[in-house]
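Take a look at the structure set out below.
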Amino acid sequence: MGNTDIFLKEKGIESDGSMSPPEVRMRPGDHVCYMECGGESLHYLIDQGITDNQQCLLMGGEAFLKRMKKEISEFRDMVTFVSCDKENSRFNPTALLDTIKSHIEKARADRSSLRIIQDMSWIESGDIDRDEYAEYEAHLNLLCEESSAVCICLYNTAAPASLLCNALRTHPFLAIEETLYPNWYYVTPEIFLQHDESELVRSYLKKVTNSDLEPARRKSPDNKHLRDTTEQRSQGEALEFLAGVVENVMEAVIVTDSQGVITYVNPSVCDMFGYSRKELEGKLANMLNSKNSPVTFQEILHQKKNWEGEILAIRKNGERFPIWLRLSLLLNDEGKTTAFVSVCRDITEQKKAEEKLQRYALLLEMKVREKTRGTETLLKTSYNLRSTSNWRKGIETITKGIVEGLGFDRAAIFFVNEREQTLECKGQLNMSEKLLRVKIPLRDTRYAVGRCIAEGGPLLVKDGLSDHRVQIHLEEEAGEFVWVPILFQSEVLGAIGADRARSQAPIEPEDVDMLELYANQIAEFIERTRLVVEPEVEKQVSTPLKYDLEPREVYIVEEERPEKAFDIFTDLVKHGFKGFGICRTHPQKVREKYALERTPVMWLSEIESKQLEQVSPQDIPKLTYVVSEFIKRAQPAVVILEGVEYLMVQNDFRTVLKLLHTLTDYVVTSQSILLLPINPKSLPVHQHVLLKRAFRTVPEE
């Protein structure tokens, strides 16, 4: 007598003597309930999986795993063991499913499939929610179908009838020993309403011994096992009538049992989701909602109450779309839920219209906010400019206002170099430092800024690549770039360039208008703060010149204290040269010590003073402008720049060297001399060498 016959006899079921059907190999995608009868060997399950090139995953309690490790010792390296023992034996479906999914992915990566053998005895004594368990098994069924995995759930025939009943309810196939049977009770929940659990298990196991595997022939159950089926028939007729009514309804109607398994759909469901009725009926309703949905069908069903709201659904082709779902419960006389009716409406177009209105409202709100912010920043910039005469700080204030107030990503300010007829960058924000070393031809209309200057108005470049490229990595980086001239009355002072290279947002006409206001602000700032030093002639002396220096030269005077340099300067201004001093020494001391009554002297200091003409050591643009303007007005001219070392401390050697070379260009094109008193001991050797190489040195007497 085989194990199957022994088991059936123990359960009080007499076999009809027919032969059991031949062994059927488990195929990819099968989800099998395996009934263990008397602890038979499971060796062949592993062997069959390895033969079929399947990776094997064994899951279960510690006792089961220990037993299996001994039984399949020769295959241990080819099998992965996962313990399912949890604290208080609490069933954790999420953790189990995550483990299985990760092994499915690993098997797929290795170009093989997975065979899962899962012992279920460890959950027998646990506090298991029936719906939670059913959903777990339904997920396993879907995973098997989608991944071609084989999942074998092991149940001991000595287990409680309630657990075996749930197993029959949730597995498409049943296996006893090495024989595989189709499960006739899978997704036919009405059977479970008509029999108690132990009777159901006995009747089913008797049925699967028939060789032809026909559906079970039900005998009329006695009164103690029979429920009142009149209610069931009435409810079935009502559902059938409801299905007939809704066949032509435009809205999608889905009927599920109490576990969320679809029992009916109308044609609108098939049209909406792209499935046939055969593909939907008998499947878990959760397959119709997207994994990204804030709430799923199964979560709604677990609430066991009427529900209405929006969920994110998914069609067969993978397309996600929003639906409005109304779910109602069907209850029996005992108040238990027997079915759910869901009415779905595709709200894609409605959502698009709502989103469009929201975008318009948001855009309008943003426009108002941006304009308000732009106006506030413009006023703040104007206030900050009034509190300084430092050109460097003024330029930083303007560029910051353009970026923060108008939403531009980058901005640069260029000033006109009248002698060279070029535009030179004197300040930038978020652009390359290379920009500060580039000179753009002022009137060359191949450049967008040249056209802007020539036309005397703003110019919006729609495609920087179509413009003649300025080799400053400027216009070619942005889809749109705007240039605005800086004008004071009819005089061109420079130009402002700005773009949105990072955000690629379009530049609107209102943005250009606001940029012109910033250009006006910087024009007024420059006009208010630029100093025009008028040349003056000192009282002349009849004695001959002490120092014979050639015009159009820059001279270094090497000394620890600038005594000789000022002596040369004083000698020249009292013999016909118009002098101008920019000194670290206080101007009043210079005038008193060297008897200079008319010669203008400016203080090189960070301290702004209303009593003295002053220039900041960091304000290189203004320093360049003041000296160049004086040289243009005074011929012959002599300028002494005391504090070269101080300039290097406040800036850097390269910046100061560039300043001196720029001043040299003005000196050599006029009858002028520039004196640079320098203490050699205060400079690094290489800097001292570079200065001596660039400029002439006054010989020692």
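The values are calculated or read from the model by the stated rules, or taken from the named source; none is laboratory data. Computed from a predicted structure; not experimentally measured. Please note: Cβ atoms are built from the backbone with ideal geometry, for glycine as well, and neighbour counts cover all protein chains shown.
Going by the conditions given, is residue 357 surrounded by 14 or more Cβ atoms within 10 Å (Cβ to Cβ), farther than 30 Å from residue 515 by Cα and modelled with pLDDT under 90? Write out each step before concluding.
Details: surrounded by 14 or more Cβ atoms within 10 Å (Cβ to Cβ): no; farther than 30 Å from residue 515 by Cα: yes; modelled with pLDDT under 90: yes.
Here the answer is no, as residue 357 does not meet what is asked.
Are any residues in the range 399-419 of a type in the set (D, E, K, R) and touching a Lys or Arg at 6+ places or on another chain (Cβ under 7 Å), and if so, which ones? The one that is of a type in the set (D, E, K, R) and touching a Lys or Arg at 6+ places or on another chain (Cβ under 7 Å): 409.
Give me the strands (runs of 3 or more DSSP E) completely within the range 321-432, filtered to those with at least 3 residues that are over 23 Å from residue 658 (Cα atoms) and touching a residue at least 60 places away in the same chain (Cβ under 8 Å), ordered by residue number.
Numbers: elements: 337-346, 410-417, 422-429.
Hits in the range 321-432: 337-346.
When every residue of the range 680-688 is checked against the conditions, none turns out to be surrounded by 18 or more Cβ atoms within 10 Å (Cβ to Cβ) and either in contact with a Pro (Cβ under 6 Å, 6 or more places away or on another chain) or under 25 Å from residue 573 (Cβ atoms) (or both).
Test residue 55 against the criterion of being assigned to a helix (DSSP H, G or I), in contact (Cβ under 8 Å) with a residue 12 or more places away in the chain, in the same structural domain as residue 171 (by TED's automatic domain parsing) and closer than 25 Å to residue 25 by Cβ, and give yes or no.
No; evaluated as a whole, the condition is false for this residue.
The residue list 332, 286 contains one member that is touching a helix residue (DSSP H, G or I) at 6+ places or on another chain (Cβ under 9 Å) and modelled with pLDDT under 85, which is 332.
I need the helices (runs of 4 or more DSSP H) fully contained in the range 614-701, keeping only those with at least 2 residues that are of a type in the set (Ser, Thr, Tyr) and modelled with pLDDT under 95. Quick ask: steps written out before the conclusion?
Numbers: elements: 620-633, 644-650, 653-668, 685-694.
Answer list for the range 614-701: 620-633, 653-668.
Of all residues in the range 280-320, those satisfying the criterion of being free of Cβ contacts under 8 Å to residues at least 24 places away in the same chain, out of contact with any strand residue (DSSP E or B) (no Cβ under 8 Å at 6 or more places or on another chain) and farther than 18 Å from residue 346 by Cα are 299, 303.
Does the range 292-307 contain at least one residue that is touching a Leu at 6+ places or on another chain (Cβ under 6 Å), at pLDDT 90 or above and under 13 Å from residue 253 (Cβ atoms)? So far as the range 292-307 goes, no, none of its residues is touching a Leu at 6+ places or on another chain (Cβ under 6 Å), at pLDDT 90 or above and under 13 Å from residue 253 (Cβ atoms).
Among residues of the range 590-613 being assigned to a strand (DSSP E or B) and free of Cβ contacts under 8 Å to residues at least 40 places away in the same chain, the one that is nearest to residue 578 (Cα to Cα) is 601.
Among the residues of the range 152-166, those identified as of a type in the set (S, T, N, Q) and without any contact (Cβ under 8 Å) to a residue 60 or more places away in the chain are 162, 166.
Take the conditions (1) β-branched (Val, Ile, Thr); (2) at pLDDT 90 or above; (3) more than 28 Å from the chain's Cα centre (by Cα); residue 341 misses just one of them, which is (2).
Find the residue count for the range 572-593, including only residues that are surrounded by fewer than 19 Cβ atoms within 10 Å (Cβ to Cβ) and either of a type in the set (Lys, Arg) or modelled with pLDDT of 95 or more (or both). Write out each step before concluding.
Just the residues of the range 572-593 that are surrounded by fewer than 19 Cβ atoms within 10 Å (Cβ to Cβ), to begin with: 575-576, 584-586, 588-589, 591-593.
After this cut, where a residue has to be either of a type in the set (Lys, Arg) or modelled with pLDDT of 95 or more (or both) as well, the list is 584, 589, 591, 593.
Summing the residues that are surrounded by fewer than 19 Cβ atoms within 10 Å (Cβ to Cβ) and either of a type in the set (Lys, Arg) or modelled with pLDDT of 95 or more (or both) in the range 572-593 gives 4.
Annotation: residue 565 fulfils all but one of (1) in a helix (DSSP H, G or I); (2) aliphatic (A, V, I, L, M); (3) under 30 Å from residue 410 (Cα atoms); the unmet one is (3).
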